[in-house]
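Some notes on the structure that comes next.
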Amino acid sequence: MDVFNKLRNTVTNTLSNTVSNTAHSLSQLSSVLPGNPVTREYEVTAHICSAGPGLLWKVYSGFKKSTKQKAAIFVFEKRLLDQWPDRAVRDNVIETLKKGIVQLTKLRHPQILTVQHPLEESRDSLAFATEPVFASLANILGDVDSLPQSARAVLQDYKLLDLEMKFGIYQLGESLAFLHNDVKMLHRNLNPENIVVNDNGDWKIFGFEFCAMNKSLDDKPSWVNVDYTSTSLGIKPPIHYQAPECIKSTIISPSSDIFSLGILICYLHAPNNPLWNSRNDSSNYVRFLEELKNIITSARNFNLPNSLKDTVKLMLHGDPELRPDAFQIVKVIFIEYFNDIGVKTLIYLDKLFQWDNLQKSQFYKGLPQILKQFPRRAILQKVLPALQKEFVNAPMIPFLLPSILQVMEECTTEEFNERVLPMLKQIIVIEEPPQISLLLLQKMELLLKWCSPDIVKNYILPMMTRALDSKLEQLQEHCLIAIPLIVKIVDSSSMKNSVIPRMKKICLSGKSGHYSLGVRVNCLLCLSKIIENLDSWIVREEILPFLLQIPNTGEPAILVAAIGIFKLILVNSKLGISKDLLATKVLPFLLPLCVEQSFSPKQYELLVALVNDMVTQVTMEHREALQQLQKTRQFHENMSDTLNDMTSPVKSPLDNMISSPTNPLAMFESSSTSSPQVKSPMSQQSRVLSLDDKIRLAKQEEMGQRINTQSTLQPNVTTPVTQQSRPKDLTDTLLANNLNQLNWSTNKTTPVTGTVPNYTSINSSSSFTSPTLNRQQNFMVNQMPQTTPVNWNQQVPNNFGSPKPMQLGTNSNWTSPSMMLPTSSLTSPSSQSQSTLKLSTEEIMDFLK
């Protein structure tokens, strides 16, 4: 009962946990996007970060239901509007957020966040989907108050690398150059809240709620400023990121965004500076600008590197006309700051599609050496995704593949499964150019280190079969070198169906085939390396048959390699090659080689030693088999004799019945004088029975069983019904003679009471005496009256004492002996005397005469 109770509790707990987890997921999803149409296409998994003005947008990781494509779902919950009591302000907040997302959806640039699903509104929320993101820059820099504990744990140990910071600034300059020069748009709210870092580590601009569009129809653009002191604005840009002209409501220009970028650079290098505590306090903005100017001109200078000090000072200048534009920052001013091998490599990877294949190949050749200086996170997030984009250009894959394989050598299991394995799956299936397969085969040990057996079977093994089918000799040889490495991983059926048939084709091609001698020899050497790991049935059914079919083309290298395989099969007990196979298949193949002229003396000795070993093994095993067979025959003969000797001479039930003194069938036995008794052979215990004796005993036993199954013959004490077919009944004649004898004796002498007539002479010639007959005779005599005259001198008929021999059987017409005795009918019915009739000795002797 305890077991059933535990089972019931386990099932109950499992079901309850499943139901609770499902309910929790559904409740989480419904609480995030209650009734929002985005839920029809996207599945939400976890709250990972927040972004946008005031970090009002909650960002959830998820995926698209139809394609399983990863995505980020941005959600604004309308219940957050409760912090603004004025309805007009709440409406303004909604309209401002909608404006920013609508504008974001229209823009397409590598450094601007990509929208996958447009904005959807429901009664409780606003939501849209974008490319996968990691976090906002504000979250990375420590603003995590609005995040759950799980998201805080992820961001707690995340620190920006110097390479990531430099390249991020470069990307922001690229995005501002695109907005200012191509779109003619001002962002006007560039700060960490509106910069999102995606899964690949790219910095992308977000939050276009306060963007300014060009209002001029002329070639010279112009933008209208917004009064940030208005109380109708529910959300406002951080004031310390705003240029002075934006606060003073003067003319704005792209220089305003350059000022914001300069403040951002200072904040990245000194996020804990007390200057940033002013926040949205507009009354202290003038003091903020004065302190900012003092810090820029001082030696502290926000811990900026020397290559940035002058540039940042110029970016934060009070005169907008003196500030550099985005293009100048990226291409000219920051040239020294970006003169870093890591930054230059990332920039080159970012502009990869602008170069031709020759320039790309030269860059990829030196990339493995550069990656040794890269931070691990930058390689996984920046380099590998850039290389993966190049997979569409197949001729370049052999040049970038060494860099990917180098990354594999130091990655962890999680990094491999998440970053490297998807790339390998794309590469392995590519057939052209063949250099791809060649490089992968050369790094087979590294691939097997990380790839699971399923990946090996479904991806690597098909690549190797293609290599064996290829006509490139170098590719075939590297494949044959790699096959022994996978034989323990791939199942036997795959080896039998995919690899061995191709190896057989190579080995049997001969000189006329398109396979070179080196490939055929390497194929046999490969076979010798894997044969110990194959199942014995594969060796017997697949390997040996085609080894015996190798044509003798007079190439000693092929023959010696085959001899080596035969040697391995012979000495390996696991393979279990039989003596019959050796004698009938292998030796007939090897013996003709003993007269081959192309062998060297050393090679010939190897062949002769192998043949001698095989002959020795065949003869030894066959000799042992014959000896064992002889022992088995002797054992069976001894067992038969032992069983016969251990059998005791048990008397059959028929013998016991015949020898019993009360046997009713004794009357059928012949007398000892006429039929001498035959001694049963079973009584001779020490005698070894011959085949004739066994047959005779079996017949006797069968006869005894037949007799035992028949009903026992009993003498019938009642008078049988006389049948016409029976012989004449002489009972009356016998009784009459007896009575005459009694009367004669009575007339001659005085009757002697109690004398019993002696009927021995009647049955003297009979072959048996029935005890039942004796009892009946005594009974009848005792019942006879004393007054009955008995004539003892009456002559007995001649045929009375010589009864006809009886035949034992169902058709025997014999009369019961009781009919031959005096019965009570001979006496007076009224006579009841207990005295018996006694005869004298003379009378008995006269009767016997």
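Residues in region 479-493 carry Karplus couplings, in order, of 5, 5, 6, 7, 4, x, 6, 9, 5, 7, 9, 7, 6, 5, 5 Hz; the curve used is 6.51 cos²θ - 1.76 cosθ + 1.60 with θ = phi - 60°, and Gly or Pro positions show x. Carbon-plus-sulfur fraction of the accessible area of region 491-632, 1.4 Å probe, in percent? The value for region 491-632 is 56 percent carbon and sulfur by accessible area. Put simply, the C-alpha atoms of region 491-632 give a gyration tensor, and the ellipsoid matching it has half-axes of 27, 20, 11 Å, longest first.
Test of understanding: what is the full-extension gain from Val429 to Gln328, defined as 0.36 nm times their sequence separation minus their Cα-Cα distance?
Taking 0.36 nm per residue and subtracting the Cα distance, the gain is 31.9 nm.
Net charge of the neighbourhood of Gly173, taken over other residues with C-beta under 12 Å away and scored Lys/Arg +1, Asp/Glu -1, is -1. Positive-end ranking of Ala270, Asn200, Leu316 along the dipole of region 34-337, with charges on Cβ about the Cα centre, is headed by Asn200.
What's the extension gain from Met703 to Asn417 if we count 0.36 nm per residue and subtract their Cα-Cα distance?
Working: separation 286, 0.36 × 286 = 102.96 nm, distance 8.72 nm.
Contour length minus the Cα-Cα distance gives 94.2 nm.
Test of understanding: what is the full-extension gain from Leu160 to Asp86, defined as 0.36 nm times their sequence separation minus their Cα-Cα distance? The partial results should precede the final answer.
Numbers: separation 74, 0.36 × 74 = 26.64 nm, distance 4.01 nm.
Separation in residues times 0.36 nm, less the Cα-Cα distance, equals 22.6 nm.
Using C-alpha pairs under 8 Å with a sequence gap of at least 6, the mean separation divided by the residue count of region 301-406 gives a relative contact order of 23 percent. If you plug the beta carbon distance of Leu568 and Ser492 into 1/(1 + (r/R0)^6) with R0 = 22 Å, you get a FRET efficiency near 0.75. Pairs from the table (Lys58/Lys215; Lys159/Lys344; Lys159/Lys331) lying more than 30 angstrom apart at Cα are Lys58/Lys215.
For region 425-499, report the accessible area per residue in Å² (1.4 Å probe, heavy atoms, rounded to an integer). Mind showing how you got there, number by number?
On the way: 3500 Å² over 75 residues.
Here the per-residue accessible area is 47 Å².
Where Rh is the Kirkwood radius over the Cα pairs of region 34-337, the temperature 25 °C and the viscosity 0.890 mPa s, what D in µm²/s does Stokes-Einstein return? Walk me through the numbers on the way to the answer.
Details: Rh = 20.0 Å.
The calculation lands on 123 µm²/s.
Roughly how far apart, in whole Å, are the Cα centres of region 451-477 and region 568-637? Rounded to whole Å, the Cα centres lie 37 Å apart.
Stokes-Einstein diffusion for region 371-432 at 20 °C, viscosity 1.002 mPa s, with a Kirkwood radius from C-alpha pairs, works out to 180 µm²/s.
Taking 7 Å steps out from each Cα toward its Cβ at Ala609 and His109 produces label points 7.8 nm apart. Relative to the Cα centre, the charge distribution of region 491-632, modelled as +1 at Lys and Arg Cβ and -1 at Asp and Glu Cβ, gives a dipole magnitude of about 220 debye. On the basis of the beta-carbon distance and an R0 of 22 Å, Ala46 and Arg376 show a calculated FRET efficiency of 0.35. Packing-based ranking of 530-539, 187-196, 211-220, 97-106 yields 187-196, 97-106, 530-539, 211-220, ordered from highest to lowest mean Cβ neighbour count within 10 Å. With each label modelled as a point 7 angstrom along the Cα→C-beta vector, the Ser216-Leu358 pair spans 4.4 nm.
With R₀ set to 30 Å, the beta-carbon distance separating Leu508 from Lys602 gives a calculated FRET efficiency near 0.70.
With a cap of 15 neighbouring Cβ atoms within 10 Å, and only residues DSSP puts in a loop, list the trypsin sites (Lys or Arg not before Pro) found in region 292-352. Show your work: numbers first, answer last.
Details: sites: Lys293, Arg300, Lys309, Lys313, Lys331, Lys344, Lys351; in loops: Arg300, Lys351.
Those satisfying the criteria are Arg300, Lys351.
The values are calculated or read from the model by the stated rules, or taken from the named source; none is laboratory data. A quick note: this is a predicted structure, and the numbers were derived from the prediction, not measured. As a convention, Cβ positions derive from the backbone with ideal geometry for all residues, glycine included, and neighbour counts pool all protein chains shown. Quick note on the areas: whole protein, heavy atoms, side chains included, nothing else; ligands and nucleic acids left out. Shrake-Rupley method; radii C 1.70, N 1.55, O 1.52, S 1.80 Å.
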